[in-house]
Structure formats: structure tokens, C-alpha cells
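To start, the structure itself, in C-alpha cells.
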Amino acid sequence: QVQLVESGGGWVQPGDSLRLSCQASGRTFLNYAVGWFRQAPRKEREFVAAISRNGNITPYADSVEGRFTISRDNSKNMVYLQMNSLEPEDTATYYCALLYEEKGWSPVNSDYWGPGTQVTVSS
């Protein structure tokens, strides 16, 4: 019943920045933490960052710590991922998903994922 849509991906050069957005439908969004994941070709899906319901807890993967910032605006059902100092290793399809923060930031449901947005970092 919940629908998530990512946007903001694109092609950039190393060192550039991108801001990804995750738009969620329905009031259910307010009841969950939200996370960003990414998957590169021939690689497993990887956790990137998450944000609690109130936005006060924001864990990050070691690979993006200090470069990426996750935020949310509950009044707009929006979650953002500001990505700075992008590297070729950041190239992947980025997905947002609803999470259980009380269960180790695990996904709520297989249906609570967006279709993804492509990020390509290359010279």
C-alpha cells in the first residue's frame, strides 16, 4: 500500500555532489524509519544510511561517513540523501525503503522499496 519513489540520480564527475530524494505516499511514512541502499552491477545490495522517525538518529555505512547526509521532512513525506565528494565506487542504483529502527534497521516489507534511481560517477 505504501509507494516510494526515488529521484535525483544522474551522471557526475568524481568530487561532485548529488541530492537524492525519496517521496513516500500515505501517512504510514511517519511510522517508520527510512533507509537508503545501493546496488552496483554484479555486487550485493549495500546499506548506505538510515534515519529514525524523528530524524534524530542517523547511522551511516563506513564507506560514506562524512560524505553523505541523510535528512527527512515528515510534513512533505520526503527523505533526502545529500552526497558530496562522490567517487566512482559510489556508482550504483540507489533505493529507499521503510525500516524498523527497533529491529536493527531492517526493512519492514519487501513491498516498501522504491524502484531506484541511478547514480553514475565517472570521468
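The values are calculated or read from the model by the stated rules, or taken from the named source; none is laboratory data. What you see is a predicted model; the values in this text were computed from it and never measured. Cβ atoms come from the backbone with ideal geometry, glycine included; neighbour counts cover every protein chain shown. The protein model used for the area step is the full one, side chains on, heavy atoms only, and it has no ligands, DNA or RNA in it. Shrake-Rupley method; radii C 1.70, N 1.55, O 1.52, S 1.80 Å.
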Please specify each residue of the stretch 58-80 satisfying the condition of being hydrophobic (A, V, I, L, M, F, W, C) and farther than 16 Å from PHE29 by Cβ. ALA61, VAL64, PHE68
Residue count, the stretch 9-20, condition under 15 Å from CYS96 (Cβ atoms) and either more than 15 Å from the chain's Cα centre (by Cα) or open to solvent by 20 Å² or more (accessible area, probe 1.4 Å) (or both), comes to 3
Tell me, please, whether a residue that is aliphatic (A, V, I, L, M), touching an Asp or Glu at 6+ places or on another chain (Cβ under 9 Å) and either part of a helix (DSSP H, G or I) or surrounded by fewer than 13 Cβ atoms within 10 Å (Cβ to Cβ) (or both) can be found in the stretch 53-67. yes
Scan the stretch 1-17 for residues that are closer than 17 Å to THR91 by Cβ and hydrophobic (A, V, I, L, M, F, W, C) and jot them down. TRP11, VAL12
Does the stretch 23-43 hold any residues that are within 17 Å of THR120 (Cβ to Cβ), outside any loop (DSSP other than H, G, I, E, B) and open to solvent by 80 Å² or more (accessible area, probe 1.4 Å), and which are they? none
For ALA40: the one exception among (1) closer than 18 Å to GLY116 by Cα; (2) touching a Phe, Trp or Tyr at 6+ places or on another chain (Cβ under 9 Å); (3) among the aliphatic types (A, V, I, L, M): (2)
Taking the stretch 92-122 and the residues there that are within 19 Å of SER21 (Cβ to Cβ) and of a type in the set (S, T, N, Q), the one that is most open to solvent (accessible area, probe 1.4 Å) would be GLN118
